[in-house]
1. Compute the accessible area per residue over the range B:150-239, keeping the other protein chains in place, probe 1.4 Å, unit Å².
2. Go through A:Cys20, A:Leu6, A:Tyr53 and say which Cα lies farthest out towards the positive end of the charge dipole of chain A; charges sit on Cβ, +1 for Lys and Arg, -1 for Asp and Glu.
3. What does the accessible area per residue of chain A come to in Å², with a 1.4 Å probe and no ligands, DNA or RNA counted?
4. When the Debye formula is applied to the Cα atoms of the protein assembly as shown, each taken as the same point scatterer, what base-10 log of I(q)/I(0) results at q = 0.06, 0.10, 0.15 Å⁻¹?
5. Quick one: ranking B:Trp35, B:Trp158, B:Trp98 by accessible area, 1.4 Å probe, largest first, what do you get?
6. Check B:Gly210: other-chain or 5+ apart residues with amide H under 5 Å from its amide H, H built from backbone geometry?
7. Let's see if you can work this out: charge +1 on each Lys and Arg Cβ, -1 on each Asp and Glu Cβ, no other charges. What is the dipole magnitude of the protein assembly as shown about its Cα centre, in debye to the nearest 20?
8. Show the residues, 5+ positions off or on another chain, whose built amide H is closer than 5 Å to the amide H of A:Val44.
Amino acid sequence: MATIVLSTAWTQGSGSKFECASGPLGEVLKRFAADEPRYRHRIVGADGEPYRYYNVYLDGQAVLRRGRDAVLVGEDSTVHIVPPLAGG
Amino acid sequence: MTEMIVVVGAEFVPGAPPDQLEWLQAEGQPFPPEWFADETAAGAVTVSTFRIDPYPVTVAQFRDFVQATGYRTDAERYGYGLVYTDRYWTEREGACWWAPAGRGVPVRDRDDHPVVHISWPDATAYAAWAGKRLPTEAEWELAARGQVLRLWPWGNTWDRTRANTAELHAGELTSLEQWKAWWLDVHARTGPVPQTTPVGTFPAGVSPAGCHDMAGNVYEWTASTASLYTVEQECDATIRSVLGRYRAIRGGSWMNFRYQVRCTERMYGDPDGWSNFALGFRCATDA
C-alpha cells in the first residue's frame, strides 16, 4: 500500500498518515477523498476533481501540476499533500 | 512617501523557546505541538543594521508601480486568485490585487489597505522597482519584537484590539468551529471580501522598532527560503517537505487566531506564482 501524509493542522492530532491503494495520482487522490470524507473539502473541489493549487510530493520529489493526474503512485510510495501556505 | 525605519543591527535569538511552545499547548488552542515545532529557537544570529517600511505596501502604492511599469501580477495573468469561500480555498475568477474578492464582488475605497493577491515574484518585482528588497526572516522578526523576546509586537499580553486578526472581528476564538461560524457569517453578508484594515490602524500594536501591522492584517512575504533553525528539529512532515522550496511568510493575517500572529510564528508560501486574498508584503533595504 502507498501512504498519504497530511499536515497535522488538518488532522488535529488524529493521525496524519493514511494507507491507500497505488495507481495514477489523480485516482489515488479522488479515492482518498471518497474514503476520508472529513478531508474531502480540502482535497477536491465542488466538481470532484483534485485542487490544482496545492503541491504534491511523491517520495520527496515535487510533482509538476501539468500531467499530475497520470503520475503513477507505487505500492511503497509516500505522497505528501501540501497547501501553498504551509505552517502556522 | 513614508520614511523607512532604521533598525539597528543586533545579535539575537530568533524563534520561540521551549516554554513558549509548552504555553501554546496549555492554552487550549486547536493545533498540535508538531505544528509549531518549526519555530523552536536554536541559537543567536547576527543581523546588520537595515531599514524597513513601517507599513505593508498599500493598494495605492502598488497601483503606482503598475501604472509606471505596466506590470501584471501572477493572479492577473492566471485569471484567478485564491479566496476562502463558504466551502474552502477556491480559485476565484478575476480575483487579483484590484478585485480582491473576485469578479462581481465590489470592493471599493481600499487605497490605504495593504495590497493582497501578491505572489513572491510580484512582491520582489515591486521591491526592485522601488529600489528596495524583501526583508529576510530574521530582519522581519527583529523589527517585530526587538532583541528581547515578546509574544506580540506590543508585549506579552494579548489584546484583540491591538491587531487585525479574526479575534478583532469575531471576539475571542478558541476553536476552528468558532472561526468557521464567524467566516460563514461574513461570507454570507459580503462574499469573500478580505477583512483587511487600513495600514496603521492600530497604533497601540506598534512594534519596538516602530513598525505597524506586524501582527495580523496581511501575511507578509520575506526573502528567506524555508528552513529550520536546526536541521535536527522534529516538526510536521508537510512543513519538512517544503524546506528549501517555499519562502518564509511572517506576521499572520486577519484570518488568524492570536497564536498565528505571534512574533516568532513561521509560515511558508509557494513562491511559484501562488498568492491569496490575505497575502501581502512590506519592503526593506540595507542601511
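1. With all protein chains present, the range B:150-239 gives 39 Å² per residue.
2. Going by the Cα projections, it comes out as A:Tyr53.
3. That works out to 45 Å² per residue.
4. -0.21, -0.61, -1.43
5. I get B:Trp98, B:Trp158, B:Trp35, largest accessible area first.
6. The list, which skips near neighbours in sequence, is empty: none.
7. 820
8. A:Tyr51
The values are calculated or read from the model by the stated rules, or taken from the named source; none is laboratory data. For clarity, every value in this text was computed on a predicted model and none was experimentally measured. Note that we place each Cβ from the backbone using ideal geometry, even for glycine, and neighbour counts take in every protein chain shown. Ligands, DNA and RNA are excluded from the accessible area calculation, which covers all protein heavy atoms including side chains. Shrake-Rupley method; radii C 1.70, N 1.55, O 1.52, S 1.80 Å.
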